Amino acid sequence: MKIGMIGTDSTHAVAFSERLQKKGHELFAYRGGSTIELSRNRIERVSAELRKKKIPFITTLQELADICDAFIITSVDASQHFEQFADLAVSEKPVFVDKPLAQNYEQASSIVEHANERGTPLMSCSALRFAEEIQLAKSKKGIEAVDIITPLPMLQEFDYYYYGIHAVEMISAIKGTSVKDIAVTFNDQQHFIKLIFHDGTVSSIRGYLQHRHSFHFVTHTQQQSEWFEIAEGDVRFYDRLIDAMEQFFIEKKSLIDQTDTLQTIKLLDQIKYTASTTY
């Protein structure tokens with residue numbers, strides 16, 4: 001399969017391409033751009049790494065759309081996603097958008113609407129959704145609440161999309177997104193987000209702005225609580241995500257419901273609004 005990788009401001013472009021090449025797929029790349037200093041400064045380095053893997057660069061998305069069978073948008077700068085997706089959607093070929101789908105709910109809704117109008121298969125999620133620990137917890141019955149302990153670096157103030165989406169997707173995978181109320185407290189070291197669900201249960205996200213690199217979570221049933229750790233450096237969830245992408249590209253049907261994807265972005269919007277108004 002010929003797969004286009006869009007956006008070299010992300011180390012995911014390297015991680016994904018390595019795994020896809022090992023599976024025998026042919027890769028093509030498009031540099032893209034970024035309005036974010038952190039990701040913009042990665043473009044040359046990531047592009048060089050892809051060239052070392054003999055991945056050719058294509059100068060326009062229109063040409064890439066003609067060449068490839070499927071696409072992965074890896075751009076860290078989510079403000080680029082709608083325009084990139086719109087250019088690719090013309091081909092009506094499957095597009096996977098790396099987290100987050102968009103930088104706000106309005107843009108995310110526009111992408112989904114455009115996909116449905118064009119009949120373009122669309123899938124988007126965090127790789128953490130496919131972590132073995134998440135899948136194990138998801139398989140258990142009677143879970144009433146989830147507490148996430150996560151790294152939470154931000155590209156700008158109250159930017160929960162960059163890393164907060166991992167935690168929200170982890171909760172979404174296990175508990176869903178039927179949240180009726182949100183409370184956010186924070187200081188210069190961490191943000192604590194309380195999510196009150198419609199069923200009356202409470203889940204939480206404790207995000208550390210610095211010095212944390214691994215993910216932990218606790219699931220709660222009426223009988224017990226269980227601790228899980230996704231250790232730093234354990235990126236086997238990339239392998240499972242790539243397997244899910246392959247299935248999506250072949251079957252042209254997302255493994256994640258569009259409603260769940262949109263609700264995840266909407267929840268991030270609500271968390272940002274709550275935090276900013278608390279401030």
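The values are calculated or read from the model by the stated rules, or taken from the named source; none is laboratory data. Being a predicted model, the structure only gives us computed values, none of them experimental. Counting neighbours? That spans all protein chains shown, and the Cβs are built from the backbone with ideal geometry, glycine included. Ligands, DNA and RNA are stripped out before the accessible areas are found, and what is left, the full protein with its side chains, is counted by its heavy atoms. Shrake-Rupley method; radii C 1.70, N 1.55, O 1.52, S 1.80 Å.
Suppose the chain between Arg206 and Ser79 were pulled fully straight at 0.36 nm per residue; how much longer would it get relative to their current alpha carbon spacing? Could you put the intermediate results ahead of the total?
Working: separation 127, 0.36 × 127 = 45.72 nm, distance 2.61 nm.
Additional length available on full extension: 43.1 nm.
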So for the pair Asn41, Glu226, with labels modelled 7 Å out along Cα→Cβ, what separation do we get in nm? 4.2
Hey, what's the chain come to in accessible area per residue, 1.4 Å probe, Å²? 46
Can you give me the C-alpha center-to-center distance between the stretch 221-279 and the stretch 129-169, rounded to a whole angstrom? 6
Of Lys2/Lys22; Lys23/Lys53; Lys2/Lys93; Lys53/Lys99; Lys2/Lys54, which ones are farther than 18 Å apart at the Cα? Lys53/Lys99
What whole-number distance in Å separates the alpha-carbon centres of the stretch 71-89 and the stretch 181-207? 30
Can you give me the % of accessible surface on the chain that is carbon or sulfur? Probe 1.4 Å, all protein chains present, nothing else counted. 46
Could you give the size of the charge dipole of the stretch 9-156 about its Cα centre, using +1 on the Cβ of each K and R and -1 on the Cβ of each D and E, expressed in debye and rounded to the nearest 20? 680
Specify the residue with the greatest mean-square fluctuation among Lys252, Lys93, Lys53, computed from a Gaussian network of the chain linking alpha-carbon atoms under 10 Å apart. Lys53
Candidates per trypsin sites (Lys or Arg not before Pro) in the stretch 114-150, loop by DSSP, up to 11 other Cβ within 10 Å: Lys140, Lys141
Quick one: pull the percentage of alpha-carbon pairs in the chain with a separation above 33 Å. 19
Say a paramagnetic label sat at a point 7 Å from the Cα of Glu26, along Cα to Cβ; which residues of the stretch 66-82 have their backbone N under 16 Å from it? 66-71
Please find, in a Gaussian network model of the chain (springs between Cα atoms separated by less than 10 Å), the residue of Phe237, Phe71, Phe186 whose mean-square fluctuation is greatest. Phe186
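How much length would be gained if the chain were fully extended between Asp260 and Lys194, taking 0.36 nm per residue of separation minus their Cα-Cα distance, in nm to one decimal?
Numbers: separation 66, 0.36 × 66 = 23.76 nm, distance 1.94 nm.
In short, 21.8 nm is gained.
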For the pair Asp181 and Phe57, how long in nm is the line joining their label points, each one 7 Å along Cα→Cβ? 5.3
A correct Karplus calculation of ³J(HN,Hα) over the stretch 62-67, with 6.51 cos²θ - 1.76 cosθ + 1.60, θ = phi - 60°, whole Hz and x for Gly and Pro, returns 5, 5, 4, 4, 6, 7
Pairwise Lys count, the stretch 168-279 - Cα closer than 17 Å, eight or more residues apart or different chains: 7
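Place a +1 charge on the Cβ of each Lys and Arg in the stretch 152-265 and a -1 charge on the Cβ of each Asp and Glu, then give the dipole magnitude about the Cα centre in debye, rounded to the nearest 20. Let's see the in-between values first.
Values: 9 positive and 16 negative charges, 44 e Å.
Computed charge dipole of the stretch 152-265: roughly 200 debye.
Quick one: putting +1 on the C-beta of Lys and Arg, -1 on the C-beta of Asp and Glu, what dipole do you get for the chain around its Cα centre, in Debye to the nearest 20? It would help to have the intermediate numbers written out before the result.
Numbers: 30 positive and 38 negative charges, 105 e Å.
Dipole magnitude for the chain comes out near 500 debye.
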GNM on the chain, C-alpha springs below 10 Å: top fluctuator among Val95, Val112, Val218? Val218
